[in-house]
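*Asks:* Have a look at this one.
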Amino acid sequence: MRMDGNQNGLRGDVTQLLEAVRGGDARAMDRLVPLVYEELRALARRELHREQQGHTLHATALVHEAYIKLAGSAVPASDRAHFLAIASRAMRQILVDHARRRKAAKRGGDMVCTTLADAGAPVEFRPDELIALDAALEQLEPRQRQVVEFRFFAGMEEKEIADVLGVTDRTVRREWVKARAWLYRSMYPDGPSGSTATR
Amino acid sequence: MSDERRRRLDELFDEVLDASPDGREGILERVGAEDPTLRADLEALVAAHERSGGILDTPGGLATPGAGLPDPSELPQRIGIYRVVSELGRGGMGVVFLAERDDGQFWRRVAIKVISGGARSADQRARFEAERQILATLDHPNIARLYDGGVTEDGRPYLVMEYVDGLPIDEYCRVNELTVEERIRLFCTVARAVHHAHRRLVVHRDLKPTNILVTNDGEVKLLDFGIAKILDPSMLGGAAPQTRTGLHLMTPEYAAPEQVMGEPITTATDVYGLGIVLFEMLTGRRPFALDGLAPVEWARIIVQELPPLPSSVAEPTSEAAAGAAGFGAEGWSVSGEHHPDPAFYVPVDVDSGRLAARDQRQRLRRLLRGDLDRIVLKTLRKEPERRYGSAARIVEDLERHLEGRPVEARADSAGYRLRKYVSRHRVSVGAAAVVALSLVGGTAAALTQAGRATRQAELAARQRDLMFDLFRLSDPAESQGDTISARGILDRGAARIEQEFGEEPVMQAAMLSDVASIYENLGMFARAEELARRALELRLQNQGERSLEASESYGQVGRLLAEQGEREEAIELLGLSLDIRHSRISRPDSILARTQSDLAWQLRAGGRHAEAAQLFEQALQVQQDLLGIDHPEAASTLFGLAVSHHELGQFDEAEAVFERALARFDTATMRPHPVAAEALLNIAMIRRLRSQLYDAEPLAASAVKMREALYDPTHPDVIEALSEWGVSLRDVGRYEDSERVLADALDRANRSLGFDHPLTLTTRERRGTVLFHLGRYAEAAATVDSSIAVKRDRLEPDDPNYIMALSRAGDPNWMAGRLDRAEDLFRQALDGAGRTSTYSILVLDGLANVALARGDLVGADSLFEESLGLAAEKLRPGHRYTQTVLVDEAFLRLAQGRGAEMIDTLENVLEIRSEIFHEPHPALGRTLHPLGAAYLAGGDPARAEAVLVRAIENYATIPDTHWRMGDVSSLLGAALVAQGRRAEGMRLLREGHATVVAHVGPDSWQSRITAARLAAARGS
């Protein structure tokens, strides 16, 4: 991709695009998404290549790395939030694609490993579970879906999400709680007693 | 589901979430009356809402920390029998409320922790309850009590705990400006409380300042003891995936490596937690800066990185300190969050403030350096079993520290002494690291040669892992700051290479050989030799007896033998190495040249100067072409060549080579570096051989200084430099200084190299010589005698080193009047060297002196003649040996009554020596002394007086009690008597004689002369 050419130039592009996105320029967003997406895919491929077993992905680390690479670190926090918002979508696609490939490779029992944003060592997910989440997300209202994507796939803070969406923190929290209930309702139809023990 | 219906459900769900439990029921009933399926859908949503453990509840990052928890707006009225007053805080696992118990009987405030998720099954509740019961038995004044617990109406477990109103311990220390000692005592209280819990088998699991509060009264209270375990999903959830167990309940900054790794949590985990708390209390910061790092990164840091020494990072944290420091008070730790970013410091414009800050920091760091560093690091070991065995042991050690007794952390550390060694080995350690890292590249060649290219990547990876592990595992207590314990790395590395690369002998040999070179750099020759021999064996077996690898190993072992003084075997192996290499390569290369040079040095040491010179020439040719004349190896060869020429009597050649060697170095601008030190020492030796003694001494002194900065005090290179400096000091007449330096060098050599190492022997003989000059004959004789005993066993009778030692031993025996012993030694030397060897010049002189002392003037005469004849033949004119013999001969002439004949000769010697030595110098004194006697004998007492006074002045650096002082006084007395100053003269004659008697005894040949002189004066 273009990374190998003029990285500083690209970094400048991304920074400008982020500014434009913040300013509400929808076309800038259109141009930014593929950049972020491609970068994340490249990083994910590299990570998977690096890992012999090929089934672990350090999601948050990937997002952070892509961000540093594309935008550099000296960007306002609000731009960071916009970037993460874009990255969250890409991460969702990458992770779910990855889960599908795992499953297709008849290694459905393998875990898809991601990394928690701020408090954890690697946590593993079943491919089935990620694919189910992906499907359930499609049934959500757009704003709830975004909250889940931002929070779950990009590890964004409540406040960052509130800024990007232009709502209050409390709304974000409430949307999350509701989205979570909707998702669980469709993902775990066996109800509240269907704890992890049965999965 | 239609969008319409969906929106409706969403709204109803909002209502439910806003409602109290009772209110929820009302909503559901109302909806059910209207539309039963809608109620079912709503109920399903509520059920899903109450569900836990789904993918989105992955604790921490990707999930919302507060998911499923009550909103602040949903503050419950009551929990159990407690009335909720306010929310105290919330975290990933739950909310803490401040509540009151007021049942009319008594009133108390409590903290209630409501746990998210839930213990729903009877089994889970039973386990929660059991654990709670255990915690409730913890009864210690410094542990917040667990009073009660239960399950809320909506099924969430809660714990009722003692409410503590206090400050986190780190903040308490800061606000109250506690001294280091007060902090330690406060910490000890914490550790004792932890120990109490440990004895009841309760582990805290999450020790951190915010869990350790100190009340206004200064009372310590530990919060949340054992709560982490109760909160663990495996405790409540029962079937949470194993990978999640214990992971999410840690606070990264305080997590122990075993927590990050998901390994069993024990009391050692709390010991680690205490270590971090202590670190923070003492230094004002945490050992690792994990802020803003990706989890993978901080996990790696916790498991792999070594914490810094507390003393290297500590900053004063008290308010007063911060104020005086000119930093905004706590601008960098407002909320307990520590910002290493200097931007958080707010400098003020008062310089004195900054100075005070620096002083305070230095004082603090000084307090922490040493014991406290060790204690903290011992609590922070990566391996649980290497930490303190219990919290109480930390307390004991801290108390020992406060009482000034030796701490366990120090005694325990096997690497303690080693660390000192390594810290003085910075350069070598650096070199070790470079060599170690170059292993990866270095053995790729070996692999290719072995035709195993397919496995190359795998092996290279293993090798890289090995190196990585070696550096990673390096123990903090065995290294100082960023300095790694080279010794530790190497020992582990060598062991692992032996164990793990057994099926890859080619690579194993290459790695062993590399590690051997590192030991060699560190001066650990025996260990290096062991590994090099192992590599040699492997190569002989696997790569052929005449392979280039075998040749290199022969060379390496040979060089190591040479370092250890095993000259003959070294010569043999270096020769073998050369022979193989010659036959295997088309044209000479630098490895061949280096081996030639190494071999030449050994031949030179064995007195085989012609062969040495030839090899040096060959090596120099190649090194000049391939490496350039500035290369250290070329310089070494150049110097060797110069010395060989010199010893072969090819003085012009030697001179030319010396000039070339000297021209290459500007000694004034050299910076401390092994090569510079080597060059300095070589130049010092060249100057000494060229009799530029006063130029040589400061260079030798610099070499000592440089090497002492670079190496351990007992490193062979340091001893070598010290020994050389000792000789230089002797050469410039500073005998006492010389003796002190050589005694020191000898002491170090005996300890680190062994009694019989060539350098030890050389140094011992040098010390013997200076003792001789100082008139301490018995010590000198004993010193050199022990050297001879070793050399007799080791060396051939004609070995120059043995000859010279015998000769050096003969001198003090002669002076001390043990003439038979002296003669015996000189005879042995003469038998070994033969009568035509250069070395026999001084041996014959020694025999002549003995004969003279015996009064055998005829025998002495012929021996002096023989010695001088040999000198004329073998030595360049003006050689110092010749001067020595001429001066000794003068005493014969004086005894013969022909002293006046020697005036011209001695004037000449004086002239030559005056060019070399600066007054005052005993060598000049030793010349002026017989010259004065000669003038006296020649009937010129006035001249004699002047010369003898000069002699005394030049004897300034030998003791007043030396017989030479006595003899020269006696002569001066005779000169005064001859000039009619009888009283003064007689006094000097008597005093001089008394001095001689006191020094060497009344029956000595020296005292017989002064006695005779005194008698003659009395009779006149």
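The values are calculated or read from the model by the stated rules, or taken from the named source; none is laboratory data. A quick note: this is a predicted structure, and the numbers were derived from the prediction, not measured. Virtual Cβ from ideal backbone geometry, glycine too; neighbours counted across all protein chains shown.
*Asks:* Please verify whether B:R707 is crowded, with 22+ Cβ neighbours inside 10 Å and either modelled with pLDDT of 90 or more or of a type in the set (D, E, K, R) (or both), treating the condition exactly as stated. Step through it out loud before you land on a result.
*Replies:* Numbers: crowded, with 22+ Cβ neighbours inside 10 Å: yes; either modelled with pLDDT of 90 or more or of a type in the set (D, E, K, R) (or both): yes.
It is true that B:R707 is crowded, with 22+ Cβ neighbours inside 10 Å and either modelled with pLDDT of 90 or more or of a type in the set (D, E, K, R) (or both).
*Asks:* Picking from B:R1018, B:R1013, B:R1008, which residue would you name as being assigned to a helix (DSSP H, G or I) and touching a residue at least 40 places away in the same chain (Cβ under 8 Å)?
*Replies:* Result of the check over B:R1018, B:R1013, B:R1008: B:R1013.
*Asks:* Has segment B:186-195 got any residue that is closer than 23 Å to B:L367 by Cα and not in a helix (DSSP H, G or I)?
*Replies:* No.
*Asks:* Just the residues that are of a type in the set (S, T, N, Q) and outside the structural domain of B:A510 (by TED's automatic domain parsing), please, taken from segment B:546-604. Walk me through it before giving the result.
*Replies:* Going residue by residue through segment B:546-604, those that are of a type in the set (S, T, N, Q) are B:547, B:551, B:553, B:556, B:564, B:577, B:583, B:586, B:590, B:595-597, B:602.
Within segment B:546-604, B:S577, B:S583, B:S586, B:S590, B:T595, B:Q596, B:S597, B:Q602 meet the criteria.
*Asks:* Just give me the residues in segment A:151-186 being more than 7 Å from chain B (Cβ to nearest Cβ) and aliphatic (A, V, I, L, M), in sequence order.
*Replies:* Listed by number, the residues that qualify are A:A154, A:M156, A:I161, A:A162, A:V164, A:L165, A:V167, A:V172, A:A179.
*Asks:* Of the residues B:E889, B:E873, B:E865, B:E901, only one is within 24 Å of B:G606 (Cα to Cα) and either assigned to a helix (DSSP H, G or I) or touching a strand residue (DSSP E or B) at 6+ places or on another chain (Cβ under 6 Å) (or both); which?
*Replies:* Result: B:E873 is the single residue among B:E889, B:E873, B:E865, B:E901 that is within 24 Å of B:G606 (Cα to Cα) and either assigned to a helix (DSSP H, G or I) or touching a strand residue (DSSP E or B) at 6+ places or on another chain (Cβ under 6 Å) (or both).
*Asks:* Turning to a different aspect of this structure: Restricting attention to segment A:126-144, does a residue exist that is at pLDDT below 85, farther than 27 Å from B:A40 by Cβ and within 10 Å of another protein chain (Cβ to nearest Cβ)?
*Replies:* Yes, because at least one residue in segment A:126-144 is at pLDDT below 85, farther than 27 Å from B:A40 by Cβ and within 10 Å of another protein chain (Cβ to nearest Cβ).
*Asks:* Here's a follow-up. Could you please give the count of residues in segment B:494-520 that are more than 14 Å from B:R539 (Cα to Cα) and buried (at least 24 other Cβ atoms within 10 Å of the Cβ)?
*Replies:* Qualifying residue count, segment B:494-520: 5.
*Asks:* With segment B:745-827 as the region, which helices (runs of 4 or more DSSP H) entirely inside it contain at least 2 residues that are surrounded by fewer than 21 Cβ atoms within 10 Å (Cβ to Cβ) and free of Cβ contacts under 8 Å to residues at least 24 places away in the same chain?
*Replies:* B:777-794
*Asks:* Given the options B:G640, B:G649, B:G606, name the one that is surrounded by 19 or more Cβ atoms within 10 Å (Cβ to Cβ), among the small types (G, A, S) and touching a residue at least 60 places away in the same chain (Cβ under 8 Å).
*Replies:* Working: B:G640 fails: touching a residue at least 60 places away in the same chain (Cβ under 8 Å); B:G649 fails: surrounded by 19 or more Cβ atoms within 10 Å (Cβ to Cβ).
Unique residue meeting the criteria: B:G606.
*Asks:* Hey, another quick one. Given the criteria assigned to a helix (DSSP H, G or I), over 28 Å from the mean Cα position of the chain (by Cα) and farther than 30 Å from B:T838 by Cα, does B:R594 qualify?
*Replies:* no
*Asks:* In addition: Which of the numbered conditions does B:A256 fail, given that it passes all the others? Conditions: (1) at pLDDT 80 or above; (2) more than 19 Å from B:V202 (Cβ to Cβ).
*Replies:* Only one criterion is unmet by B:A256, namely (2).
*Asks:* Please state which of the following conditions B:D625 fails to meet, knowing it meets all the rest: (1) modelled with pLDDT under 80; (2) part of a helix (DSSP H, G or I); (3) surrounded by fewer than 16 Cβ atoms within 10 Å (Cβ to Cβ).
*Replies:* For B:D625, the failing item is (1).
*Asks:* Of the residues B:G932, B:G939, which single one is more than 22 Å from B:L729 (Cα to Cα), outside any loop (DSSP other than H, G, I, E, B) and without any contact (Cβ under 8 Å) to a residue 60 or more places away in the chain?
*Replies:* B:G932
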